[in-house]
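**Q** Below is one structure. I have some questions about it.
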Amino acid sequence: QVQLVESGGGLVQPGGSLTLSCVASGTIFSIVAMGWYRQAPGKERDLVATITSGGITNYADSVKGRFTISRDNAKNTVYLQMNSLKPEDTAVYYCNALITISIFHEDVTYWGQGTQVTVSS
């Protein structure tokens with residue numbers, strides 16, 4: 001059993017910054033990749049950024065140059081530094097992790113509970 005807990009969301013003015021964090025805990029053999037997705041009201045849940053265990057990153061075009069994803073492997077934690085926030089960034093942000101849960105090569109995707117980010121003046 002694996003749990004992902006996000007934190008760091010809140011209300012920020014356009015142009016401001018927030019940093020989200022997500023801690024994975026539980027039965028973890030290894031973490032293949034972690035990432036962030038977001039879902040605005042009435043829209044699909046979309047990829048924001050991902051990072052592999054080796055540090056390879058991928059970003060949605062809409063956040064390139066503004067958001068930075070990083071990991072602290074020792075703490076099983078992923079971060080999302082969000083700068084130059086825009087109203088269209090408003091969404092619930094969900095942590096995602098692809099985790100190997102046993103020595104038998106069982107890879108499972110987990111989701112956090114989500115944290116609200118609201119960008120408004």
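**Q** May I ask you to derive the FRET efficiency for F104 and Q3 from their Cβ-Cβ distance with R0 = 22 Å, giving the value to the nearest 0.05?
**A** 0.55
**Q** Then there is this: Taking 0.36 nm per intervening residue step and subtracting the Cα-Cα distance, what contour gain separates D72 from K43 on full extension? Could you put the intermediate results ahead of the total?
**A** Numbers: separation 29, 0.36 × 29 = 10.44 nm, distance 3.06 nm.
Length difference between fully extended and current span is 7.4 nm.
**Q** Give me, ordered by chain and number, the residues 5 or more places off K86 or on other chains with an amide H under 5 Å from its own placed amide H.
**A** Excluding prolines and chain starts, which carry no amide H, the hits are G15.
**Q** Mind ordering 4-11, 57-64, 104-111, 76-83 by average Cβ neighbours within 10 Å, highest first?
**A** Highest mean packing first, the order is 76-83, 4-11, 57-64, 104-111.
**Q** Could I ask something else about it? Would you work out the charge dipole size for the chain about its Cα centre, treating the Cβ of every Lys and Arg as +1 and the Cβ of every Asp and Glu as -1, and quote it to the nearest 20 debye? Mind showing how you got there, number by number?
**A** Working: 8 positive and 9 negative charges, 48 e Å.
It comes to approximately 220 debye.
**Q** Based on the Kirkwood radius over alpha-carbon pairs, what is the Stokes-Einstein translational diffusion coefficient of segment 47-121 at 10 °C with 1.306 mPa s viscosity, in µm²/s?
**A** The estimated diffusion coefficient comes to 115 µm²/s.
**Q** Give the long-range amide H neighbours of V48: residues separated by 5 or more places, or on another chain, with amide H under 5 Å away, using H modelled in the peptide plane at 1.01 Å from N.
**A** It is W36, Y37, R38, by chain and number.
**Q** Which of L4, V32, T77 sits farthest toward the positive end of the charge dipole of the chain, with +1 on the Cβ of Lys and Arg and -1 on the Cβ of Asp and Glu?
**A** Value computed over the given set: T77.
**Q** Carbon-plus-sulfur fraction of the accessible area of segment 70-118, 1.4 Å probe, in percent?
**A** 53
**Q** Across segment 113-121, in residue order, what do the Karplus-derived ³J(HN,Hα) couplings come to in whole Hz, using 6.51 cos²θ - 1.76 cosθ + 1.60 with θ = phi - 60° and x for Gly and Pro?
**A** Values, residue by residue: 7, x, 9, 7, 10, 10, 10, 7, 9 Hz.
The values are calculated or read from the model by the stated rules, or taken from the named source; none is laboratory data. This one's a predicted model, so the numbers in the text were calculated from it and none came from an experiment. Methodologically, a virtual Cβ is constructed for each residue, glycine included, from the backbone with ideal geometry; neighbour enumeration extends over all protein chains shown. Areas reflect the complete protein model, heavy atoms only, side chains present, ligands, DNA and RNA absent. Shrake-Rupley method; radii C 1.70, N 1.55, O 1.52, S 1.80 Å.
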